[in-house]
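Take a look at the structure below.
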Amino acid sequence: MHKILSIILLITALLLSANVFAEVQSITSYYGGELTGKNSTLQLGTIYFSISSPTPPASEATTQLATPEAVPIITEGPILKAPEAKPEIALTPETKPTSPATQEAKLPAALTSEPTPEINVWFDNRSYQNELKSLSEKGEEIIISRKPKIKLEVKISSPYSLNSNAENYSIVLDSGDTSAKTFSLQSLSTTQQIALNSAVFEYSFPEELPDGKHTLTFIAKSSGSRGLASQAEQKLNVVIKSGPVSIVGEAIHFPSPYSPTKHRSSGITLQYTLTTNADIDIYVFSVAGEIAKKITCMSGSEGGTAGLNKTKWDGNLDSGGIIGNGIYIATIVAKADGKILKKLKINVFD
């Protein structure tokens, strides 16, 4: 009787062990796990199973679970978790895509261009902007010497600043032509001063300019410290005259009439345009034909430079005293050959 009971219990245990193994194989197959070894321990909730049965053949049928939600968490060493569904993210007003126009409006200041620097140019101590540009607007030629002395002044308003590297300042001769040349002001300048908001360069043009019309383009850049660096270009049209020195157009004086009392501090200005650099003598004759004043202008200086000249006279006579009322004749002479270039009347009335 006892033997029969023992056989029944043994058969029952074997059947129960086979069912548990099939369930475990089904679960671990679902999660991609693996059961190996003779004495593996599985935790199902709080119930532990110790399995010592050998791994059954792959051909045996296994029980599949209906859905992931119905499967309890099973661990073998590290805990195996069911895949989590990704939450759906709703777009809020802050996360909704913006239009290109809105995106551009929200660009940081560092991506906007800085203001363009201002460039002022002097040829042989004459300001192009203040004096020569007005001649260009009137259709008159702007004559300069073959190898002019050039002063370049660059400015930019605060809080922006200029580029501190002199290599970023240059001059281009005849831009756009096949013979165009670019010169860096770093190598040309005899005077070079670069501050935060202003820069000054003084130099002589590196070569003699040929006869005819030319364009000179001056280039300067901002620092780019508060946005995208900007580049300024000042393009000027100039002319080189050939042949012996002469005066283009008329010679004038101002103020006219000149008052020794009212205009004593400013004096008299004699204005004329030379075709080239030359030594010039100006003789001021009285009505009686006597030389009241002689003014000498050296070549390349004010009064002897190609282009527009403004020669100052304080009204003092060579004999002493101040010029009196009357009409005087100023004669402009090329010193080299004594050729009279132009005559003009000076009206004096107090």
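The values are calculated or read from the model by the stated rules, or taken from the named source; none is laboratory data. Keep in mind that what you see is a predicted model, and the values were worked out from it rather than measured. As a convention, Cβ positions derive from the backbone with ideal geometry for all residues, glycine included, and neighbour counts pool all protein chains shown.
Structure summary
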{"quantity": "Per-region count, segment 331-349, residues surrounded by 14 or more Cβ atoms within 10 Å (Cβ to Cβ) and of a type in the set (D, E, K, R)", "calculated": "2"}
{"quantity": "From the options ILE144, ILE119, ILE171, residue that is farther than 25 Å from GLY243 by Cα, in contact with an Asp or Glu (Cβ under 9 Å, 6 or more places away or on another chain) and either surrounded by 14 or more Cβ atoms within 10 Å (Cβ to Cβ) or assigned by TED's automatic domain parsing to the domain that holds GLY300 (or both)", "calculated": "ILE119"}
{"quantity": "Set SER225, SER204, SER187, SER266: member being touching a residue at least 40 places away in the same chain (Cβ under 8 Å), out of contact with any strand residue (DSSP E or B) (no Cβ under 7 Å at 6 or more places or on another chain) and closer than 30 Å to GLU118 by Cβ", "calculated": "SER225"}
{"quantity": "Matching residues in segment 172-203 - criterion: being among the small types (Gly, Ala, Ser), in contact with a helix residue (DSSP H, G or I) (Cβ under 8 Å, 6 or more places away or on another chain) and outside any loop (DSSP other than H, G, I, E, B)", "calculated": "SER184"}
